[in-house]
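Below is one structure, written out as structure tokens; comments come after it.
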Amino acid sequence: MYKTVDLSKNEKTGPMSAVYVGKDSCPISCALYRTCYAKQGHTNIHFDAANSNGKNFAELLDWVSTLPLRMWRYGVTGDLPGDGKSLCRDSILKLAKANKRRLVLAYSHYPVTTENLTTLKAAREDGFVVNASCDTLEDIKAARAAKVPAVTYTSSDDKRKAWTDDGLRFVTCPNQSTPTKPTCKECKLCSKGERDFVIVFRAHGSAKGKVSGVV
């Protein structure tokens, strides 16, 4: 189920439409399954509400198709349609069609398999950019080889802004690493399907101390 917000006032994203997806959408293979920021505080309330009084998938598609022509956020909580191991290509391409090539902030922590990367690449080619959330350097390399944008995470006390490791370029989210702290609406890096670097997020939320960085 999906809880939709016509205009979120989230300080990090900036004002934009947003969707919260229910907890049952998250693959249990996700390395952050137990420490996810979305299972804490105020965000967790929306996470629960997505299942208790949210829209079904058909209603979500109708909502997405009528969005204003501006960037929006899919999955403030939760993930894309799938069975826990494999993404549902048909549903995701329907979502891409409803999106009509709008800029979108979307991420998936589904296993970085050839099948799932092929689905994410097809979605990107249809104008629905989804970032592969990666837990290892091998996952990052696989995503980039498949031409799927990759993101990963580091510990909360990592002060690096940009660096190169094992032939890969990494850039920390500007909201977390620059004095101006641009919102997602201002930054837009995660909405770009073609980029030559991996975006890194510093662990945040009340469980941030339990998160070990990938890079």
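Where a number appears in this text, it was derived from the coordinates with a stated rule and is not lab data. Computed from a predicted model, the values in this text were never measured in an experiment. All Cβ positions, even for glycine, are placed from backbone atoms using ideal geometry, and neighbour counts span all protein chains on display.
Stretching the chain fully between Asp6 and Lys159 yields a gain of 51.6 nm (0.36 nm per residue, less the alpha carbon separation).
Within the stretch 86-193, the trypsin sites (Lys or Arg not before Pro) that combine a DSSP coil assignment with at most 11 other C-beta atoms in a 10 angstrom radius are Lys159. Modelled this way, with points 7 Å down the Cα-to-C-beta line, the labels at Ser91 and Thr180 are 3.9 nm from one another. Residue separation of Asn56 and Thr114 scaled by 0.36 nm, minus their Cα-Cα distance, works out to 18.1 nm of gained length. Taking a straight Cα-Cα cut-off under 23 Å and skipping sequence neighbours fewer than 8 places away in the same chain, the lysines within cross-link reach of Lys23 are Lys3, Lys9, Lys12, Lys39, Lys55, Lys85, Lys94, Lys208, Lys210.
Charge dipole (Cα centre; +1 on Lys/Arg Cβ, -1 on Asp/Glu Cβ; no other charges) of the stretch 2-210 amounts to roughly 580 debye. Ordered from longest to shortest, the equivalent ellipsoid semi-axes for the stretch 2-210 are 24, 20, 18 Å, each the square root of 5 times a Cα gyration tensor eigenvalue.
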